[in-house]
1. Select from the stretch 56-79 the residues that are exposed (fewer than 10 other Cβ atoms within 10 Å of the Cβ) and farther than 30 Å from ASP99 by Cα and write down the one among them that is modelled with the highest pLDDT.
2. If I ask for residues that are under 16 Å from VAL81 (Cα atoms) and surrounded by 15 or more Cβ atoms within 10 Å (Cβ to Cβ), which ones from the stretch 111-137 would you list?
3. Could you count how many residues in the stretch 11-32 are open to solvent by less than 70 Å² (accessible area, probe 1.4 Å) and in a helix (DSSP H, G or I)?
4. Is it the case that VAL59 is within 23 Å of the chain's Cα centre (by Cα) and without any contact (Cβ under 8 Å) to a residue 60 or more places away in the chain?
5. For the stretch 80-112, enumerate the residues that are touching a helix residue (DSSP H, G or I) at 6+ places or on another chain (Cβ under 9 Å), under 20 Å from PRO129 (Cα atoms), part of a helix (DSSP H, G or I) and of a type outside the set (Gly, Ala, Ser).
6. If you check MET18 against the conditions, is it among the hydrophobic types (A, V, I, L, M, F, W, C), more than 29 Å from PRO129 (Cβ to Cβ) and modelled with pLDDT under 90?
Amino acid sequence: MRDLISCVKAMAVGAVAMYYLDPDLGRRRRAELNDKLRSTCDSITGCVRSEGRHVAHRVRGIAREVESSVTAAVVDDYTQVECIRAALAGLVSKPDAIDVSVNEGIASLAGRVAASEHEGLIRAVSTLPGVRSVADLLDVYDEPGGVPTLQGGSPS
């Protein structure tokens, strides 16, 4: 049985050699084989480079995320006030009725707010980046009927 397998292998090698060493068409066949092998190698190399760049970018992104979560960004008080004011627009129906001030990361909220919006407002402001704590100086009203600054409008 081994002799038969060896014989079949020898015949296959001979057929391949005849195919590529043929005096008439062998040169063209070898050139085509060479072109196909080079093209395949170029495609594989391109894929490996592309995936390598992709992985490198992902690693850099993860490193920047870890770095930013470890080091606290220093934000000046004015910028922090503007950030909180921007967030108020989506949290309460009347953001102009609330005065905001920040001192070293402590946000102070004063003014008037509806009871239905109060808890969510304090929770949302306390989770903003750079806010260490919230001083709640708000006047809370169950019904906005008697308070002109709270009448009309709805949360965005």
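The values are calculated or read from the model by the stated rules, or taken from the named source; none is laboratory data. Everything quoted here is computed from the prediction, not taken from an experiment. So basically every Cβ, Gly included, is an ideal-geometry build from the backbone, and we count neighbours across all protein chains shown. These accessible areas exclude ligands, DNA and RNA; they are computed on the full protein's heavy atoms, side chains included. Shrake-Rupley method; radii C 1.70, N 1.55, O 1.52, S 1.80 Å.
1. GLU67
2. Once the filter is applied, which keeps residues that are under 16 Å from VAL81 (Cα atoms) and surrounded by 15 or more Cβ atoms within 10 Å (Cβ to Cβ), the stretch 111-137 yields GLY111, LEU121, ILE122, ALA124, VAL125, LEU128, GLY130, VAL131, VAL134, ASP136.
3. Within the stretch 11-32, residues that are open to solvent by less than 70 Å² (accessible area, probe 1.4 Å) and in a helix (DSSP H, G or I) number 8.
4. Against the criterion (within 23 Å of the chain's Cα centre (by Cα) and without any contact (Cβ under 8 Å) to a residue 60 or more places away in the chain), VAL59 qualifies.
5. ILE84, ARG85, LEU88, PRO95
6. So MET18 passes the test.
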